[in-house]
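Structure first, commentary second.
The values are calculated or read from the model by the stated rules, or taken from the named source; none is laboratory data. Bear in mind that the values here come from a model prediction, so they are computed numbers and not experimental data. Counting neighbours? That spans all protein chains shown, and the Cβs are built from the backbone with ideal geometry, glycine included.
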Number of protein chains: 2
Amino acid sequence: MKIYEDTDFFIETEESEIPWLKIFTQIEYKELSDLPREKRLRLFELYDIVEVEMINYFSPDKINMASFANMLPRVHIHVMARYKNDSYFPNPMWGEKQREAKLDLASFELFYERLQKRLEGFTS
Amino acid sequence: MKIYEDTDFFIETEESEIPWLKIFTQIEYKELSDLPREKRLRLFELYDIVEVEMINYFSPDKINMASFANMLPRVHIHVMARYKNDSYFPNPMWGEKQREAKLDLASFELFYERLQKRLEGFTS
C-alpha cells in the first residue's frame, strides 16, 4: 500500500507482523550510488524522518535498514521496527524464524497518518 | 580486519566468499538517527565511496547494504558485492543458502589498498 508520494520518492508498506516500510525513488536506479548526489542526500533525509517517527511511535528494540533488490535491481530502502519477541529476532527478517510471535503493537494506520503529517513539508 | 580508520569512522572486513565491508562509527550509537546530522551525512558519503569503489573494482551484479546490529545494538553499515552465482543469491547473505559457489574474484587485498588510497582525502 502506498502511504506517501512526492516528485522524487514514494513509500510503500510491507505486509508483516512488524512495522515495515519501503522507500522507493520515482525514477528507477540500480544502485544507491546511481542517484544524483542531491537526491541521494534527500533519500537519506527521508529515511531519517521515517526512522525517527518509527522509533517515537513504536518504541522498537532496534531499527533495521536494508537495501538489496537482488531479484529486481531497482534500489529501495527497507525500514523495519524490530522487537526482541518478534518472530525473527535477533536474525534479520530474511533469516531463520525463531518463534511464533504475537506482538501487541500500536495501530499501524495511525502511524501512517502521523508519518504523512510529518512529511507534509518534505515534498521537493 | 581493520582496513581504514579516521577520527569518526573505521572500516572492517567480514570473512566471506564475497567482498563484504562493515563501516563503524568510532563513537557507539544505537541507531542511525542517533548520529549528529553532519556525521550521518558523512557516513553516507563514506558509504557511497565504498560502494562506488566496490562496483568499479569487482563489477558485482548488485550491491547490498544493510544496518541491523540486533545482537549488539551498535550501528554499523554492511556493504556487500553480490553475484548471481554466489552461495546465497538472490537471497540476502542472511537468508537460505542456494548453492555451493566457487567465485573467481579479483584480489581482495588489492581492493583494500585501492580503497585506502581513495580514502586518503576523506579524513575529517
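Structural remarks
- Test: residue in region A:14-26 that is among the hydroxyl-bearing types (S, T, Y), modelled with pLDDT of 95 or more and surrounded by fewer than 17 Cβ atoms within 10 Å (Cβ to Cβ): yes
- Selection count where residues are free of Cβ contacts under 8 Å to residues at least 24 places away in the same chain and either charged (D, E, K, R) or farther than 20 Å from B:F89 by Cα (or both), scope region A:63-87: 3
- Of the residues examined, B:Y112 is one that is more than 14 Å from chain A (Cβ to nearest Cβ), among the aromatic types (F, W, Y) and not in a strand (DSSP E or B).
- Search result, residues across region A:84-107 that are hydroxyl-bearing (S, T, Y) and at the interface with chain B (Cβ under 10 Å from one of its Cβ atoms): A:Y88
- Selection of region A:33-81 for residues being within 8 Å of another protein chain (Cβ to nearest Cβ), polar (S, T, N, Q) and in a helix (DSSP H, G or I) yields only A:S33.
- Any pair with Cβ under 6 angstrom, 6 or more apart, that starts in region A:1-28 at a residue that is assigned to a strand (DSSP E or B) and ends at one that is surrounded by fewer than 17 Cβ atoms within 10 Å (Cβ to Cβ) and of a type in the set (D, E): A:K2/A:E12; A:W20/A:E14; A:K22/A:E12; A:K22/A:E14
- Test: residue in region B:78-96 that is closer than 23 Å to A:E45 by Cβ and out of contact with any Cys (no Cβ under 6 Å at 6 or more places or on another chain): yes
- Filter result (over 13 Å from B:F122 (Cβ atoms) and among the aliphatic types (A, V, I, L, M)) within region B:4-40: B:I18, B:L21, B:I27, B:L32, B:L35
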